[in-house]
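Each remark here refers to the structure printed beneath this line.
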Amino acid sequence: MMQIKVAKDPLAVASMTVDFLVGAGEKALKRKEGKGTYNLALPTGSTPIETYRELIERHNQGRISDDFIARMRTWNLDEYLPDPGREVWPHHEQSHRTFMERHFFRFLPFAPGANRILDPAAADLGEECRGYEQSIAVQGGLDLALVGIGTNGHVAFNEPRADADSHTGVVHLAPTTVSDNAEKFFKGDLNAVPKQALSMGLGTILSARKVILIATGHAKAVAVGASVLGPVTGWCPASLFQNHADCTYVLDTEAASLLIKRAAGPDGRLAPGTSLLRSEAGFSHSLIC
Ligand code: GLP
């Protein structure tokens with residue numbers, strides 16, 4: 001089942017996302033009778049920064065315990081693979097390892113070795129990817145995959161025409177992804193953006209017990225609309241979540257604008273049958289698809 005939550009702005013998206021993330025964690029740990037770990041796939045990108053900030057703030061306020069953090073095990077969704085001759089990764093300032101340390105890991109008391117990211121400097125990349133999959137399986141599988149969406153509908157670095165059963169491996173970045181990421185993270189320099197990456201496979205992401213997809217801003221409206229309303233196809237990798245048993249989209253009003261427009265009547269109001277909820281994060285629509 002796909003569920004869609006619309007919050008008023010990116011801060012409200014972060015707050016709602018953390019509510020879901022903590023709720024799913026408590027449920028997972030309870031199911032494992034307090035002995036296991038809470039296993040998460042985590043994204044990079046501009047969208048999750050507020051979610052990470054919110055998690056850190058709640059921990060600082062004592063609303064998330066040290067024990068909860070110590071039980072978290074994280075696997076990042078992807079990492080850039082340097083172009084030949086550029087050997088500065090994975091410690092490059094735009095590597096996902098650096099990103100996660102800067103925005104998240106260093107602020108919380110994770111257990112040693114709890115935060116895994118694919119290593120682009122591994123001697124054998126195939127082995128690195130297989131070992132990544134295996135480390136997830138050994139830990140009991142992913143309880144939650146927190147993912148973003150590219151403007152072209154990609155998930156992690158699984159670009160359009162992706163295979164729903166794909167495993168973690170080497171992927172090529174689509175030109176739109178290179179230009180989106182150049183704009184956001186590489187001062188507009190297309191040449192500075194690696195053209196390949198290591199990415200968790202769609203099959204692996206889809207195997208998570210729960211998926212939360214976050215998106216904010218007008219630039220994501222078309223990709224969100226296509227992934228929810230369009231056909232289920234590898235041409236829009238996020239559309240594959242339509243078949244997931246437990247997938248929640250958490251969107252701001254801009255990212256959800258096409259969905260809201262479609263649900264609203266000619267007067268611009270939401271159609272009858274669309275349930276409206278009040279949540280901690282503010283006024284939100286909830287459309288169940
Ligand atoms: C990146 C990442 C994705 C991310 C997406 C959106 O290239 N590989 O995991 O979800 O693009 O990024 P942003 O949040 O900056 O829009």
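Assorted remarks:
- Phi-based couplings in Hz for the stretch 117-122 (Karplus 6.51, -1.76, 1.60; Gly and Pro marked x): 9, 4, 9, x, 9, 4
- Annotation: amide H-H contacts under 5 Å for Arg116 (H modelled 1.01 Å from N, sequence separation of 5 or more, or interchain): Thr74, Trp75, Asn76.
- Extension gain, Lys184 back to Arg116 (0.36 nm per residue minus Cα-Cα distance, nm): 22.1 nm
- Shape category assigned to the stretch 31-141 from the gyration tensor of Cα positions, a/c cut at 1.5: oblate
- Rounded, prolate or oblate (a/c below 1.5 giving rounded, otherwise prolate when a/b exceeds b/c) for the stretch 127-247 by Cα gyration tensor: oblate
- Close amide H partners of Leu213, meaning residues 5 or more places away or on another chain with modelled amide H under 5 Å apart, are Val147, Thr248, Tyr249, Val250.
- Longest DSSP-loop-exposure-free segment, GluC sites (Glu not before Pro), the chain, at most 14 other Cβ within 10 Å: 94-279
- For the chain, the mean residue ellipticity at 222 nm estimated from helices alone is -9500 deg cm²/dmol, where every DSSP H run of n ≥ 4 contributes -39500 (n - 2.57) and the total is divided by all residues, rounded to the nearest 500.
- Overall form of the chain per C-alpha gyration tensor (a/c, 1.5; a/b vs b/c): oblate
- Of the solvent-accessible surface of the stretch 93-170, computed with a 1.4 Å probe and all protein chains present, 48% belongs to carbon and sulfur.
- Modelled this way, with points 7 Å down the Cα-to-C-beta line, the labels at Ile49 and His91 are 2.4 nm from one another.
- Proximal lysines relative to Lys35, as straight alpha-carbon distance under 18 Å, when same-chain residues fewer than 8 apart are discounted: Lys27
- Remark: for residue pairs Lys5/Lys184; Lys5/Lys32; Lys5/Lys195; Lys30/Lys261; Lys184/Lys210, the C-alpha separation exceeds 30 Å in Lys5/Lys195; Lys30/Lys261.
- In the context of the full set of protein chains, the chain has a per residue accessible area of 45 Å² (1.4 Å probe).
- Listed residue (Ile260, Gly217, Ala162) projecting farthest to the positive dipole end of the chain, Cβ model: Ile260
The values are calculated or read from the model by the stated rules, or taken from the named source; none is laboratory data. Since we're looking at a predicted model, the values are computed, not measured. For neighbour counting, all protein chains shown are included, and Cβ atoms are generated from backbone atoms with ideal geometry for every residue, glycine included. Ligands, DNA and RNA are stripped out before the accessible areas are found, and what is left, the full protein with its side chains, is counted by its heavy atoms. Shrake-Rupley method; radii C 1.70, N 1.55, O 1.52, S 1.80 Å.
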